[in-house]
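S.K.: Sharing a structure below in structure tokens format, with a few things to ask.
The values are calculated or read from the model by the stated rules, or taken from the named source; none is laboratory data. Every value quoted in this text rests on a predicted model; they were computed, and no experiment measured them. Positions of Cβ are generated from backbone atoms using ideal geometry, with glycine treated the same way; all protein chains shown enter the neighbour counts. What goes into the accessible areas is simple: the full protein's heavy atoms, side chains included, and nothing from ligands, DNA or RNA. Shrake-Rupley method; radii C 1.70, N 1.55, O 1.52, S 1.80 Å.
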Amino acid sequence: MKYIDEFRDPAKAKKLVEEIHKLASGMFPSTPLRERTSPVAERSRSQRSRREHTRSQPLQIMEFCGGHTHTLFKYGIESMLPDTIEMVHGPGCPVCVLPMARVDDCVAIAEQPGVIFTTFGDAMRVPGTRKSLLQAKADGCDVRMVYSPMDALAIARKNPDREVVFFALGFETTMPSTALTLLQAHREGLKNFSLFCNHITTPATMRAILTDPDLRLDGFLAPGHVSMVIGAQPYDFVTRDYHKPLVITGFEPLDILQALWMLVKQIAEGRCEVENQYARIVPQAGNTAGLNAIHEVYETREHSEFRGLGNIGDAGIQIREAYAAYDAEKKFGIPFDAAPFDSAQGAGSLKCAEVLRGVMKPWDCPAFGKECNPQMPLGALMVSPEGSCAAYYAYGKLAKRS
Amino acid sequence: MNLSGTITLAHGSGGRAMHQLVDNLIRQTFTNPLLEEGEDQARIPLAGLVAQGDRLAFTTDSYVVTPLEFPGGNIGTLAINGTVNDLAVGGATPLYLSCGFIIEEGLSLETFARILQAMKLAADEAGVQIVTGDTKVVQRGGADKLFINTAGVGVIPAGFNPSAGRAQPGDVVIVNGWLGDHGAAILNARGDLALDADIETDCAPLNRLVDAMFAACPDIHCLRDATRGGLATVLNEFAERSGVDFMLKEEHLPIRTPVRGMCEILGLDPLYLANEGKLVAVVPLTAAQAVLTAMKRIPAGRDACIIGEVVEGDGHVVLQTAFGGERIVDMLPGEQLPRIC
């Protein structure tokens, strides 16, 4: 496929991988260039070496975005990297940071008579304390999967006697589309359409990670699609205040390898900058039309609880008072309270928070692969294919092989 | 029979309307001597069966697809080919099918007639006869337009014994062509993607292809049609039951560009998309070329190719990505859901 296959060229990948190995071996002279073996052998070796050489810990690089995590696993990229580079899978998976209480709210709205509850597909399976939206649908609620908020608007037009709610979820990537949908509903004077707003902003979430005392990160791969909307400038505080280099990165495997090379090069050269690997998509100033729509419709919440991150202050987003008529929270009287999500999880053994913040690997969680697995996910990280636990679960099976 | 109007509860009541529907439409479309006997059961002479093999194969499947009609076929073609293929991949020569309809009142007679025609054509192409059946009509909301159940019997020739548990290290994995077409065609036909893709179902009978493969290599180790859950699910079953690993090479997987494109947009994996005319065979390396050559002579096997091999292990399917990495291709926990971003 044109403009896709070019970004999956194995020959170019090999070259980038060699360059990354060269840079890494320059920084960790004692570690020889590693020959390619199975990912499992490499994984267990990297765990060993982490324990043995606490003085020369591997570089920890967080790919913030779940889309990047997905690419890493889909193409087996981690198996190509040197031991001295460790990927930490960040919280940039909107489904994964969704508190169970919010899913309960969704179910409660969907259970109201006359409601058509619309959502992106991957929110369907996220467990609430009572049930998931998939279960609510099976129990008779009218829950419909849509591919765009505009599809939900079309459903609202076709069903004037029903209340149509769209579950507005995600980082800045999806915010312009939900904001523009709301504005369109407003223009048309649709009275039966509302958004259940659970958006969250990227820079504030990153700040929450950076202020975590347990965290030891050496740099970030920043999300390409979010940056396409917000531009590069909002990341300046990461380099300025926290001295972590950052590279805005695309989603094809060559994008990731090139961005890793850029990031490791920054670290090797002692630089700390916001660089843009995804310049073909991400303009420095972002998408003005999208940003205008966001600012028109949304404002920050005073308090928002996110799964695994706790209260991260100004990261949560709500609909402005001027558009209250389209706010499902107000329409259905949903108290957006800070329900303590950890107790809602039920199983006290879950370590979702530690995994999300990158201070613990999924397999260090006592519930991982046991009571929490892709068939019966307890934590949200096990639900989405972008969630690091689900990815590790599939990947970790390799370990049993060797 | 006049095909204007719709099917109503009266067509399932046992009275005159039902007789008209069954005799003048269904029986006339499917016509064959066993059906014409008009008894409550088909009476199949044993002698003809015994002459063809040493075991009877018996299978059933129900068809509930939405929409009923889609590019390249409809629920009727699926209902015949699906059951034919379930017999065929067991090595059986498919012979006789039963057919049960559960119709939601309001289905247009014209649509129903078109689906019956498609079933007749598919049955003729596969060389099977529909010899017994049943029709029920349920109230609106009691079913989704039309459900079809077909059961089938066939005879397995002596010496043919493919099984999910027989894959051995060194064997090679063969598929008979493009993967994921049916799943992609159905997703596209539902229309809510608003994608302009030209994808047809691959729905086709596989019995003649299996005959040719058996003639080329009587010792085919594993054979399945890759329907729901796609190639990935079949190979996981083989891997688990045989206690071996499968190594697939991504660059050898035959996936059409529009199918790949659709999967890229929706965040789906074509390895899990359904097929309705694709089989997966695990054959000894020594027989691989002979099997491939034999397959390519049959239309349903024209695009046959080797996609991987069996290695020692304990039940995993591993994909060597074209990019140079490796990943596990596990069974899906549930339905594949599109991703947000």
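S.K.: What Kirkwood hydrodynamic radius, in Å, does chain B give when the mean of 1/r is taken over all pairs of distinct Cα atoms and then inverted?
M.R.: 21.1
S.K.: Heads up, I need the accessible area for B:Glu69: 1.4 angstrom probe, whole protein in place, Å², nearest 10.
M.R.: 70
S.K.: On average, how much accessible surface per residue is there in chain A, in Å², for a 1.4 Å probe, leaving out ligands, DNA and RNA?
M.R.: 39
S.K.: For the stretch A:123-150, state which residues have at least 10 Å² less accessible area in the presence of all protein chains than in their chain by itself, taking the probe as 1.4 Å and leaving out ligands, DNA and RNA.
M.R.: Relative to the lone chain, where solvent access is computed with a 1.4 Å probe, the stretch A:123-150 loses at least 10 Å² at A:Arg125, A:Leu134, A:Met145, A:Tyr147.
S.K.: Then there's this: Does any residue of the stretch B:215-264 lose at least 30 Å² of accessible area with all protein chains in place compared with its chain alone, and if so which ones (probe 1.4 Å)?
M.R.: Residues shielded by partner chains are B:Arg260, B:Glu264.
S.K.: Which trypsin sites (Lys or Arg not before Pro) from the stretch B:137-209 combine a DSSP loop assignment with at most 12 other Cβ atoms within 10 Å?
M.R.: Answer by residue number: B:Arg140, B:Arg190.
S.K.: With equal scatterers on the alpha carbons only and no solvent term, can you work out the Debye log10 of I(q)/I(0) for chain A at 0.10, 0.13 1/Å?
M.R.: -0.67, -1.11
S.K.: What value, in deg cm²/dmol to 500, does the helix sum -39500 (n - 2.57) over DSSP H runs of n ≥ 4 give at 222 nm once divided by the residues of chain B?
M.R.: It comes out at -8500 deg cm²/dmol, rounded to the nearest 500.
S.K.: Shifting gears a bit: Which value, in debye to the nearest 20, describes the size of the charge dipole of the stretch B:60-188 about its Cα centre when Lys and Arg Cβ atoms bear +1, Asp and Glu Cβ atoms bear -1, and nothing else is charged?
M.R.: Here the size comes out at about 120 debye.
S.K.: Between A:Phe237 and B:Glu251, how high is the FRET efficiency from 1/(1 + (r/R0)^6) when r is the Cβ-Cβ distance and R₀ = 45 Å? Nearest 0.05.
M.R.: So, using R0 = 45 Å, E works out to roughly 0.55.
S.K.: Computed over the Cα atoms of the stretch B:102-196, what is the convex hull's projected area averaged over all directions, in nm²?
M.R.: Taking a quarter of the hull surface, the average projection is 10.9 nm².
S.K.: To continue, here is another question. Could you list, in their original order, any pairs among A:Lys137/B:Lys278; A:Lys12/B:Lys296; A:Lys137/B:Lys145; A:Lys137/A:Lys331 whose Cα atoms are separated by more than 24 Å?
M.R.: A:Lys137/B:Lys278; A:Lys12/B:Lys296
S.K.: For A:Leu98, B:Leu332, write out the residues from largest to smallest accessible area, computed with a 1.4 angstrom probe and no ligands counted.
M.R.: Greatest to least solvent exposure: B:Leu332, A:Leu98.
S.K.: Can you give me the % of accessible surface on the stretch B:1-99 that is carbon or sulfur? Probe 1.4 Å, all protein chains present, nothing else counted.
M.R.: Exposed carbon and sulfur together represent 55 percent of the surface.
S.K.: What is the distance in Å between the Cα centres of the stretch A:109-135 and the stretch B:259-286?
M.R.: 30
S.K.: In this model, which of A:Lys74/B:Lys249; A:Lys191/A:Lys330; A:Lys22/A:Lys265; A:Lys14/A:Lys265; A:Lys131/A:Lys330 are farther than 19 Å apart at the alpha-carbon?
M.R.: A:Lys131/A:Lys330
S.K.: Roughly what % of DSSP beta bridges within chain A run antiparallel, to the nearest 5?
M.R.: So the antiparallel bridges in chain A amount to around 15 percent.
S.K.: Averaged across A:73-79, how many Cβ atoms of other chains sit within 10 Å of each residue's Cβ atom?
M.R.: So the per-residue partner count for this stretch is 6.
S.K.: For the stretch A:230-304, which whole percent of the accessible surface, found with a 1.4 angstrom probe, sits on carbon and sulfur atoms?
M.R.: Carbon and sulfur: 48 percent of the exposed surface of the stretch A:230-304.
S.K.: Right, another one. Quick one: with all protein chains in place, what share of the accessible area of the stretch B:213-341 is carbon or sulfur, to the nearest percent (1.4 Å probe)?
M.R.: 50
S.K.: Taking the Cα-to-Cβ direction at B:Arg228 and at B:Val64 and moving 7 Å from each Cα, how far apart do the two end points lie in nm?
M.R.: In this crude spin-label approximation the distance works out to 0.8 nm.
S.K.: For A:Lys22, what accessible surface area do you get with a 1.4 Å probe? Give it in Å², rounded to 10.
M.R.: Here the residue's solvent-accessible area equals roughly 120 Å².
S.K.: Name the cysteines of chain A that stand alone by the Cβ rule: no other cysteine Cβ under 4.7 angstrom.
M.R.: Singleton cysteines: A:Cys65, A:Cys106, A:Cys141, A:Cys197, A:Cys272, A:Cys352, A:Cys365, A:Cys372, A:Cys389.
S.K.: Same structure, new question: What translational diffusion coefficient, in µm²/s and rounded to a whole number, does the Stokes-Einstein relation yield for the stretch A:244-337 at 4 °C and a viscosity of 1.567 mPa s, taking the hydrodynamic radius as the Kirkwood radius over Cα pairs?
M.R.: 78
S.K.: Over the stretch B:155-261, what relative contact order in percent results from Cα pairs under 8 Å that are six or more residues apart?
M.R.: About 47 percent, as a whole number.
S.K.: Something else: Determine the principal axes of the Cα atoms in the protein assembly as shown, then give the extent along each, sorted from largest to smallest and rounded to whole angstroms.
M.R.: Sorted largest first, the three principal extents are 87, 66, 46 Å.
S.K.: Using helices alone, I'd like the mean residue ellipticity at 222 nm for chain A: each DSSP H run of four-plus residues gives -39500 (n - 2.57), total over residue count, nearest 500.
M.R.: Estimated from H runs of four or more residues: -11500 deg cm²/dmol.
S.K.: Summing both sides, how much accessible area is buried between A and B? Use a 1.4 Å probe and give Å² to the nearest 100.
M.R.: 3200
S.K.: So what's the gap between the Cα centers of the stretch B:185-227 and the stretch B:120-157, to the nearest angstrom?
M.R.: The stretch B:185-227 and the stretch B:120-157 have Cα centres separated by 19 Å.
S.K.: Return one whole number: the accessible area per residue of the stretch B:49-151 in Å², for a 1.4 Å probe.
M.R.: Per-residue value: 39 Å².
S.K.: Mind checking the full-extension length gain between A:Met150 and A:Lys22? Use 0.36 nm per residue of separation minus the Cα-Cα distance, one decimal, nm.
M.R.: Gain in length upon complete extension: 41.3 nm.
S.K.: Using a Förster distance of 30 angstrom, determine the FRET efficiency expected from the C-beta separation of A:Asn159 and B:Glu110, and round it to 0.05.
M.R.: E(calc), rounded to 0.05, equals 0.60.
S.K.: Okay, next question. Roll a 1.4 Å probe over the protein chains and send me the accessible area per residue for the stretch B:273-318 in Å².
M.R.: Accessible surface, normalised per residue, equals 40 Å².
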